[in-house]
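**Q** Below is a structure I'd like to ask you about.
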Amino acid sequence: MKYTRIMKIFGILMVLALLLAIIPATPAQASFDLVLSPTQGKVGDTIYVTGSNFYISQPGAPVSIILYLSNQQVPAMQSLTTIAAKKTVASAITSTLGAFTTTFPIPSKFDDNTSVTSGTHYLYACLAGATSSYVVLNYTTLTITGGDVTITPATGPVDTPVTITGSAFIASTTITAQYDGAALPLEGGDPITQSNGSFSSTVYIPESTAGAHTIFVTVGTTSVSSTFTVTRDILINPQSGSAGTQVTISGTGFVRRPDASFYFNGSRVQEVGSYSSDTKGSFSATITIPSGLSAGVYTIEADDGTDIATASFNLSVAPQPEPTPEPEPTPTPTPTPTLPTLTISSGGDTIGSIMYIGGAGFTPAATVTFTYGDIEVATATADADGFVMVIFKVPPSAHGEHVITASDGTNTNTVTYTVESVAPATPQPLLPELGVKVKSPANFDWEDVTDESMPVTYVLQIATDDTFAASSIVLEITDIELSTYTLTEAEELKLAGRKDAYYWRIQAVDAASNGSEWTGAAEFYVGGASGSFPSWALYTILGIGAVLIFGIGYWLGRRTAFYY
C-alpha cells in the first residue's frame, strides 16, 4: 500500500509539472507595432494599416484604437492635444492577441480646415477613452506624394492659352511644366505654390501634331500629368480678293507629314508650292482662287486625310479681261511615271481600330499587297483604272509610328500610321490580403482592366523588399491573360522556406505595349508569418501528454498493489 501511495503522488506531481510548463508567463509591455502599405500616396489613395502587440498588460482583452493623421510630430506616450492640424482617419478593435487591420483614404483637409499637402506625415495610434484618446501609443510615417491638377481648356489649336490649376502640393515651392517631355514655360500666374499648396498658372500650347499630348506639372519631387488634345487650325492671307488671287494657307495641328488637300467651295483646287506638314503637324501652302463664281463668302478647307480645318474667304468678282487669241497647240509631252498615291483613314489610333486605305496609280488588274510593318494585313485587285481599296483592323503593335506599304510588285508607296501611347488604368489588387499567410496553391487576384487597345495582359512581380529593387525580385510572370494567377509548384518552391514577408504588385499592359503604373506593394507570408508553432496545438499536445502520463502512473500503482 505504501508503494501504491508513492506512485499516485508521483503521477500527480508529473501532471502539475506539465501544467505549469504550458501556462504562459505574463508578457512584457507590448511594443505597439504599426505597419502601413503602401507607405506613400496622394490625397484620396487608400492606405492599409496593420497593428500588432496592442495590449496593455497581457494578451486576451481586446482594446479600442483610434488612428489620427497629422503633419506634426509628437513622441510616443505624449498627448496630441497641442496639435491643431490633425484628422481622425480610422478606428479599430484589436483581437485577443492585440492585432488589428483597417484602411483609410488620405484626407484632403485636417479638422482645423487646413489643407493636406505633400510631404512627411505621421499616423498616430491612441487608446480610445475619455482621458486617453489623445495619448500616443506609437506612430509611423506616411509620405504624401502629390496633389491634383486640372487644365482649362483641355482641347484646342496650337497657341491656345491653358490655365493649370493645382492643389495639395508642397507650399512655397517652384512650379515647372513639360509638354511631351520638353520644357513648357509658365507665361503667367503663380511661379511657386501658395501657402496652402495651391496654384494657378498659364501656359501656351506649342506647335504639335493633332491628337492627345501630355502636360507634366512638377512641384518639388512630385509630378502630375494631364492630357491636352490638339485640333487642326488654318489661317489664310489675304482673307478676301477676286478670282486668281494667290492665297497663302498656314496650318497647325495636322497629322504628321501627310499631304494636305485644299478645297474651295467644296471643289478641290490646284496646290502651288509645298503643302506637306512637317514633324510638328504644321505647313504653309499657296492656292489660286478659281474663276467662274459669283461674289460672296466661300469656305476654304484643308484636309489631311483624317480631319479638316476651315477658314472663310470673301470673293469679289473682277471685270473680265478681253479674250486673247488661243496659241498654237503644242505637242503633248510624254507623261513622267509617278508613284501610286495612298489615302489613309482610320476610326482611331488604338489597336483594333478599323483602317481604310485607298490607292491609285497601280497596274490595272494587278494584285496589290498591303503590309503593316512586317505583317501582311490585306490584298486586293486593282480595277481597270489602277484603283484599289482595302479595310483591315490595326494589329497588336507597339505605340508609335508604323509604316504601311502597298505594292503590286512594280509600283510601291507607303504611308505612316501612329498608334496611341496612353497607358491603361492601374489594376486594383484583391488577393492575397495584407499580412496573410498564403496556402498552396498560392493564388493572386486583382480587378480586370479594360483599355481602348485590347487585349490587356498583366505582369506579376514578387519580391523580398517593398521597393522592388532588381536584386529583391524573386518571381516575374509576364503576359498573364486573366486577372488572376496561381503559382506553379516550381514557382512556389522559389518562395518556400522564408519566414519574413514577401511583397507583390501588378502592372497592366495593353496591346500597344503601353504599361500602367505599378500597384503599391502588398505584403504576404508563405509557410507562416512568424515561423511559430500555433499555441492552441502546443497546449493540446501537452494536455494529452499529461493525461497519458497520469493514466500510466495510476495503472502502475494499481498493478503494484495487486502483487502486494
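The values are calculated or read from the model by the stated rules, or taken from the named source; none is laboratory data. The model shown is predicted, which means the values in this text are computed figures rather than measured ones. In this analysis, Cβ positions are derived from the backbone assuming ideal geometry, glycine residues included, and neighbour counts consider all displayed protein chains.
**Q** Looking at the stretch 408-433 only, could you name the residues that are in a loop (DSSP other than H, G, I, E, B) and under 19 Å from Ile351 (Cβ atoms)? First the steps, then the outcome.
**A** We begin by selecting, within the stretch 408-433, every residue in a loop (DSSP other than H, G, I, E, B); these are 408-411, 420-428, 432-433.
Matches in the stretch 408-433: Glu420, Ser421, Val422, Ala423, Pro424, Ala425, Pro427.
**Q** Identify the single condition in (1) surrounded by fewer than 20 Cβ atoms within 10 Å (Cβ to Cβ); (2) touching a strand residue (DSSP E or B) at 6+ places or on another chain (Cβ under 6 Å); (3) under 27 Å from Gly41 (Cβ atoms) that Asp500 does not satisfy, given that it satisfies every other one.
**A** (2)
**Q** When you scan the stretch 67-93, how many residues do you find that are closer than 13 Å to Asn138 by Cβ and either outside the structural domain of Leu127 (by TED's automatic domain parsing) or among the β-branched types (Val, Ile, Thr) (or both)?
**A** Summing the residues that are closer than 13 Å to Asn138 by Cβ and either outside the structural domain of Leu127 (by TED's automatic domain parsing) or among the β-branched types (Val, Ile, Thr) (or both) in the stretch 67-93 gives 1.
Here is a yes/no grid of residues against (1) over 29 Å from Asp303 (Cβ atoms); (2) at pLDDT 95 or above:
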| site | (1), (2) |
| --- | --- |
| Ser133 | yes, no |
| Asp148 | yes, no |
| Thr163 | yes, yes |
| Gly181 | yes, no |
| Leu184 | yes, no |
| Glu187 | yes, no |
| Thr193 | yes, no |
| Phe199 | yes, no |
| Gly211 | no, no |
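**Q** Still on this structure, please answer the following. Are any residues in the stretch 448-477 touching a Ser or Thr at 6+ places or on another chain (Cβ under 9 Å) and either in the same structural domain as Thr102 (by TED's automatic domain parsing) or under 10 Å from Ile506 (Cα atoms) (or both), and if so, which ones?
**A** Tyr458, Val459, Leu460, listed by residue number.
**Q** So, one more: Given (1) modelled with pLDDT of 70 or more; (2) under 30 Å from Ala210 (Cβ atoms); (3) not hydrophobic (A, V, I, L, M, F, W, C), where does Thr338 come up short, assuming only one miss?
**A** Answer for Thr338: the failing condition is (1).
**Q** Suppose we filter the stretch 359-407 for residues that are among the hydroxyl-bearing types (Ser, Thr, Tyr), over 30 Å from Gly515 (Cβ atoms) and not in a loop (DSSP other than H, G, I, E, B); how many remain? Quick ask: steps written out before the conclusion?
**A** Start the filter on the stretch 359-407 by keeping residues that are among the hydroxyl-bearing types (Ser, Thr, Tyr), which leaves 363, 367, 369, 371-372, 379, 381, 397, 405, 407.
Remaining after also requiring over 30 Å from Gly515 (Cβ atoms): 363, 367, 369, 379, 381, 407.
Those left that are additionally not in a loop (DSSP other than H, G, I, E, B): 367, 369, 379, 381, 407.
Qualifying residue count, the stretch 359-407: 5.
**Q** Here's something else I'd like to know. Given the structure, is Ser397 of a type in the set (Gly, Ala, Ser), more than 26 Å from the chain's Cα centre (by Cα) and surrounded by 17 or more Cβ atoms within 10 Å (Cβ to Cβ)?
**A** On the way: of a type in the set (Gly, Ala, Ser): yes; more than 26 Å from the chain's Cα centre (by Cα): no; surrounded by 17 or more Cβ atoms within 10 Å (Cβ to Cβ): yes.
No; evaluated as a whole, the condition is false for this residue.
**Q** Hey, Asn113 hits all of (1) outside the structural domain of Gly197 (by TED's automatic domain parsing); (2) in a strand (DSSP E or B) but one; which does it fall short on?
**A** (2)
**Q** Only one of (1) at pLDDT below 90; (2) in contact with a helix residue (DSSP H, G or I) (Cβ under 9 Å, 6 or more places away or on another chain); (3) under 30 Å from Pro59 (Cα atoms) fails for Arg498. Which number is that?
**A** Result: Arg498 passes all but (2).
**Q** Follow-up question, since we're still on this one. Would the stretch 497-510 turn up any residue that is part of a loop (DSSP other than H, G, I, E, B) and either within 16 Å of Leu431 (Cα to Cα) or not assigned by TED's automatic domain parsing to the domain that holds Leu434 (or both)?
**A** Of the residues in the stretch 497-510, the ones part of a loop (DSSP other than H, G, I, E, B) are 497-501, 510.
Then drop every residue that is not either within 16 Å of Leu431 (Cα to Cα) or not assigned by TED's automatic domain parsing to the domain that holds Leu434 (or both), which leaves 501.
Yes: one or more hits.
Residue-wise test of (1) farther than 30 Å from Thr279 by Cα; (2) buried (at least 18 other Cβ atoms within 10 Å of the Cβ).
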residue	(1), (2)
Asp159	no, no
Thr163	no, no
Ile175	no, yes
Ala183	no, no
Ser200	yes, no
Thr218	no, no
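**Q** Right, Gly352: not in a loop (DSSP other than H, G, I, E, B) and not aliphatic (A, V, I, L, M) or not?
**A** Values: not in a loop (DSSP other than H, G, I, E, B): no; not aliphatic (A, V, I, L, M): yes.
So Gly352 fails the test.
**Q** Any idea which of Val436, Val415, Val403, Val422 is crowded, with 18+ Cβ neighbours inside 10 Å and at negative phi?
**A** Working: Val436 fails: crowded, with 18+ Cβ neighbours inside 10 Å; Val403 fails: crowded, with 18+ Cβ neighbours inside 10 Å; Val422 fails: crowded, with 18+ Cβ neighbours inside 10 Å.
Only one candidate qualifies: Val415.
**Q** Right, something else. Among Thr330, Thr412, which is the only one that is polar (S, T, N, Q) and modelled with pLDDT under 90? If you could, list the steps in order and put the result at the bottom.
**A** Details: Thr412 fails: modelled with pLDDT under 90.
One residue alone meets the criteria, Thr330.
**Q** When residues of the stretch 511-522 are filtered for being part of a strand (DSSP E or B) and either charged (D, E, K, R) or closer than 30 Å to Asp349 by Cα (or both), how many remain? Steps first, answer last, please.
**A** Here is the first cut: in the stretch 511-522, the ones part of a strand (DSSP E or B) are 515, 522.
With the extra rule that they be either charged (D, E, K, R) or closer than 30 Å to Asp349 by Cα (or both), the set shrinks to 515.
The number of residues fulfilling the criteria is 1.
**Q** Is it the case, given these coordinates, that Ile480 is more than 21 Å from Ser37 (Cα to Cα) and either in contact (Cβ under 8 Å) with a residue 12 or more places away in the chain or surrounded by 15 or more Cβ atoms within 10 Å (Cβ to Cβ) (or both)?
**A** Considered against the rule, which asks whether it is more than 21 Å from Ser37 (Cα to Cα) and either in contact (Cβ under 8 Å) with a residue 12 or more places away in the chain or surrounded by 15 or more Cβ atoms within 10 Å (Cβ to Cβ) (or both), Ile480 comes out as yes.
**Q** Mind checking whether some residue in the stretch 252-273 is modelled with pLDDT of 85 or more, surrounded by 13 or more Cβ atoms within 10 Å (Cβ to Cβ), within 41 Å of the chain's Cα centre (by Cα) and not aliphatic (A, V, I, L, M)?
**A** Of all residues in the stretch 252-273, those modelled with pLDDT of 85 or more come to 252.
Then keep just the ones that are surrounded by 13 or more Cβ atoms within 10 Å (Cβ to Cβ); that gives 252.
Checking which are within 41 Å of the chain's Cα centre (by Cα) leaves us with 252.
Next cut, not aliphatic (A, V, I, L, M) only: 252.
Yes, the stretch 252-273 contains a residue that is modelled with pLDDT of 85 or more, surrounded by 13 or more Cβ atoms within 10 Å (Cβ to Cβ), within 41 Å of the chain's Cα centre (by Cα) and not aliphatic (A, V, I, L, M).
**Q** Exactly one condition in (1) touching a Phe, Trp or Tyr at 6+ places or on another chain (Cβ under 7 Å); (2) part of a strand (DSSP E or B); (3) within 30 Å of Arg232 (Cβ to Cβ) is not met by Thr176; state its number.
**A** (1)
**Q** For residues in the stretch 63-93 being among the hydroxyl-bearing types (Ser, Thr, Tyr) and more than 35 Å from the chain's Cα centre (by Cα), which is nearest to Tyr48 (Cα to Cα)? Reasoning before the result, please.
**A** Keep residues of the stretch 63-93 that are among the hydroxyl-bearing types (Ser, Thr, Tyr), which gives 64, 68, 70, 79, 81-82, 88, 91.
Now drop any that are not more than 35 Å from the chain's Cα centre (by Cα), which leaves 64, 79, 81-82.
Numbers: Ser64: 18, Ser79: 24, Thr81: 25, Thr82: 27 Å.
The extreme case among them is Ser64.
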